[in-house]
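Below: one structure, written as structure tokens.
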């Protein structure tokens, strides 16, 4: 350690002092800007969480709608309009000419595979519907969602020469015959079903159709629900935590307080997601129960009301 010469005058240490009486907001300036940006981010996460929550219920709308419709026999269908679910044997308006197929098909799918590098590879796929009738209802299925259990109707294996090269190929034809019962879901307008927000043609049973629709959408339902739960948790936490930090509430607890905030946010978000799912799924039952309770309250109140006593002789 070196000694300071006596002729050098020691300078007193200077400390930066902020007079908060002159500028009280300066103490919280950095915290305010950080908290404001976090609150804005929390609002965005909250809105996205709500949107995903709505999409989750919409993902099962098709299967719930089909499940709620009564299955009507097409032969006895009279004076119906709007969304219907009918069943019957199809009567084709014209025949599909399929080589090597003895059945009359109303729908076919032809897959062409060529033998390349020691294995068959699909190179083309063709499919086609023909219009048909179920009872007196005309079905134009070109725009329908097919929910089908296809059986192989014919198979052709051969060779052909293309550009001086011999190509080995096979064509597999699957389809629906007019001897199979069909279920059609769609908008019945002027005794025709040809379009609509929900238009399904299927040769499966009613239970199989509902199961297939739910199976295809259930994964999306869980993804939407879990994503909404996560975003709502982060959104609520992003609202509460900046307020605590800004006001210097329990600053000594640090990460413990942060963990507690997000744990409570997760619990609140879970309850909200659960209740919203119940309400959106069983809204009609809740409506009936509320109406029943109101009617009972009105009846109880009317019975308990007594006529005022008349003291005038």
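Side notes on the structure shown:
- Point-to-point label distance, residue 166-residue 127, nm (Cα→Cβ direction, 7 Å offset): 3.5 nm
- Of 214, 168, 85, the sequence from fewest to most neighbouring Cβ atoms within 10 angstrom is 168, 214, 85.
- Cut-off 17 Å, label 7 Å out along Cα→Cβ of residue 205, residues of the stretch 71-110 by amide N: 71-72, 87-88
- Here, the stretch 69-205 is characterised by an Rg to Rh ratio of 1.10, where Rg is the alpha-carbon radius of gyration and Rh the Kirkwood radius.
- Estimated inter-spin distance, residue 145 and residue 282, nm [label 7 Å along Cα→Cβ]: 2.6 nm
- Estimated distance in nm for a label pair at residue 195 and residue 268, the labels positioned 7 Å out from Cα along Cα-to-Cβ: 4.7 nm
- Counting neighbouring Cβ atoms within 10 Å and putting the fewest first, the residues 94, 101 line up as 94, 101.
- Neighbour-count ranking [beta-carbon atoms within 10 angstrom, fewest first] of 226, 105: 226, 105
A short reminder: the numbers here are calculations on the coordinates, not readings from a lab. All values reported here derive from a predicted model rather than from experimental measurement. When we count neighbours, we look across all protein chains shown, and the Cβ atoms used for this are built from the backbone with ideal geometry, even at glycine.
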